[in-house]
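Asker: One structure follows; several queries about it will come next.
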Amino acid sequence: MLITEPLTRLRVSKVLIIAITGMPGAGKSTVAGALGGVGLRRIAMGDMIREETSRRGLPLDDKNMGAVMQELRGKYGAGAVAELCLLSIQSKEGEAAVVIDGIRSVAEIEIFRKAGDVKLLAVLASPKRRFELLTSRGRADAPPNLESFKTRDARELSIGIGGAIALADEAIVNEHITPDELADAALSTATRWMRPFGS
């Protein structure tokens, strides 16, 4: 099984955790990719779900991944996926900063705060913009239609993503900007946050 005991007692000293939140399709992966492109290690919470879904021999579509995510949270608590990510953070000591892509709840934020100093960045976009971005990127878990998109939004809101977005230290609106402009805004924010850590 993925989780055999709580991992929140793990500690990482002096690490800045840049945590990215936002509704599906808002641009979180673009932001995380930009930060990864300048040398920060990226841990995608969605990858944890993909790995477990794949391990079970299920197709990597939105329905299966959503069910696995809800099962893990139901069985191990709202911070289950964050606890898995702590293993990856612990595996490389001495990092000044790490990027966590895909915060979905306040419980996850609290778990990461036990491991380091967390700065939460929200990426915001309208439903229309997010649907367009999701359907254009060609991933297997993209919503096949608007109804599926709305169902996915409802599921994300039900597990607390709205609360996480509300707690963001800063936000970037990805509505009328290019991917490069979104990346530049994220890099500017992250650079400012990292200065006290000597990064």
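The values are calculated or read from the model by the stated rules, or taken from the named source; none is laboratory data. If you're wondering where the values come from, they're calculated on a predicted model, not measured in any experiment. Glycine gets a Cβ as well: all are built from the backbone with ideal geometry, and neighbour counts include every protein chain shown. Quick note on the areas: whole protein, heavy atoms, side chains included, nothing else; ligands and nucleic acids left out. Shrake-Rupley method; radii C 1.70, N 1.55, O 1.52, S 1.80 Å.
Asker: Which FRET efficiency value, to the nearest 0.05, do you get for D117 and A154 by plugging their Cβ-Cβ distance into 1/(1 + (r/R0)^6) with R0 = 35 Å? Before the final figure, lay out the partial values.
Answerer: Numbers: r = 33 Å, r/R0 = 0.93.
The formula returns an efficiency of 0.60 here.
Asker: In square angstrom, what is the accessible area per residue of the chain with a 1.4 angstrom probe? It would help to have the intermediate numbers written out before the result.
Answerer: Working: 9450 Å² over 199 residues.
Heavy-atom accessible area per residue stands at 47 Å².
Asker: Which shape class applies to region 64-182: rounded if a/c is under 1.5, otherwise prolate when a/b exceeds b/c and oblate if not, where a ≥ b ≥ c are the square roots of the Cα gyration tensor eigenvalues? Provide the component values of the computation, followed by the final result.
Answerer: On the way: a/c = 1.84, a/b = 1.30, b/c = 1.41.
Oblate is the answer for region 64-182, as a/c is 1.5 or above yet b/c matches or exceeds a/b.
Asker: According to the square roots a ≥ b ≥ c of the eigenvalues of the Cα gyration tensor, what is the shape class of region 42-110, taking rounded for a/c under 1.5, prolate for a/b larger than b/c otherwise, and oblate for the remainder? Intermediate values should be presented prior to the final figure.
Answerer: Details: a/c = 2.21, a/b = 1.59, b/c = 1.39.
Prolate.
Asker: So, with +1 on the Cβ of K and R and -1 on the Cβ of D and E, and no other charges, what is the size of the charge dipole of region 128-199 about its Cα centre, to the nearest 20 debye?
Answerer: Numbers: 10 positive and 11 negative charges, 35 e Å.
The dipole magnitude comes to about 160 debye.
Asker: Separate question: Which one of A67, A34, A82 has the biggest mean-square fluctuation once the chain is modelled by GNM with Cα springs under 10 Å?
Answerer: Highest fluctuation among the options: A67.
Asker: GNM on the chain, C-alpha springs below 10 Å: top fluctuator among V106, V123, V173?
Answerer: In this elastic network of the chain, the residue with the biggest mean-square fluctuation among V106, V123, V173 is V173.
Asker: If you place +1 on the Cβ of every Lys and Arg and -1 on the Cβ of every Asp and Glu, how big does the dipole about the Cα centre of the chain come out, in debye to the nearest 20?
Answerer: Values: 27 positive and 25 negative charges, 56 e Å.
Using only the charged Cβ atoms, the result is roughly 260 debye.
Asker: Another question about this same structure. When the Cα centres of region 14-40 and region 144-199 are compared, how far apart do they sit, in Å?
Answerer: 8 Å
Asker: Could you tell me what percent of the accessible area of the chain is made up of carbon and sulfur, with a 1.4 Å probe and every protein chain present? Kindly include the intermediate steps, with their values, before the conclusion.
Answerer: On the way: 5060 of 9450 Å².
Its accessible area is 54 percent carbon and sulfur atoms.
Asker: Filter the trypsin sites (Lys or Arg not before Pro) in region 11-105 to those in DSSP coil with at most 16 other Cβ atoms within 10 Å of their Cβ, and list the result. Spell out each step's value before the answer.
Answerer: Working: sites: R11, K14, K28, R41, R42, R50, R55, R56, K63, R73, K75, K92, R104; in loops: R11, K14, R56, K92, R104.
Passing both the DSSP loop test and the Cβ count: R11, K14, R56, K92.
Asker: Let me ask something else about it. In a GNM of the chain with a 10 Å cut-off on Cα contacts, which of N64, N174, N145 has the highest mean-square fluctuation?
Answerer: N145
Asker: In a shell of Cβ-Cβ distance under 15 Å around A185, excluding A185 itself, what net charge do Lys and Arg (+1) and Asp and Glu (-1) give?
Answerer: On the way: positive: K28, K119, R192; negative: D169, E170, E175, D180, E181, D184.
Result for the neighbourhood of A185: -3.
Asker: Follow-up question, since we're still on this one. Please work out the FRET efficiency for the pair R56 and S88, using the Cβ-Cβ distance as r and a Förster radius of 25 Å; give the result to the nearest 0.05. Kindly include the intermediate steps, with their values, before the conclusion.
Answerer: On the way: r = 21 Å, r/R0 = 0.82.
Here the calculated transfer efficiency is 0.75.
Asker: How much mean residue ellipticity at 222 nm does the chain get from its helices, if each DSSP H run of length 4 or more adds -39500 (n - 2.57) and you divide by all residues, to the nearest 500 deg cm²/dmol? All intermediate terms of the calculation are to be shown ahead of the outcome.
Answerer: Numbers: 9 runs with 100 residues, N = 199.
One gets -15500 deg cm²/dmol as the mean residue ellipticity at 222 nm.
Asker: Sticking with this structure for a sec: Between D47 and A140, what is the label-point separation in nm under the 7 Å Cα-to-beta-carbon projection?
Answerer: 1.6 nm
Asker: Which FRET efficiency, nearest 0.05, do E170 and Q70 yield, Cβ-Cβ r, R0 25 Å?
Answerer: On the way: r = 29 Å, r/R0 = 1.17.
Calculated value: 0.30.
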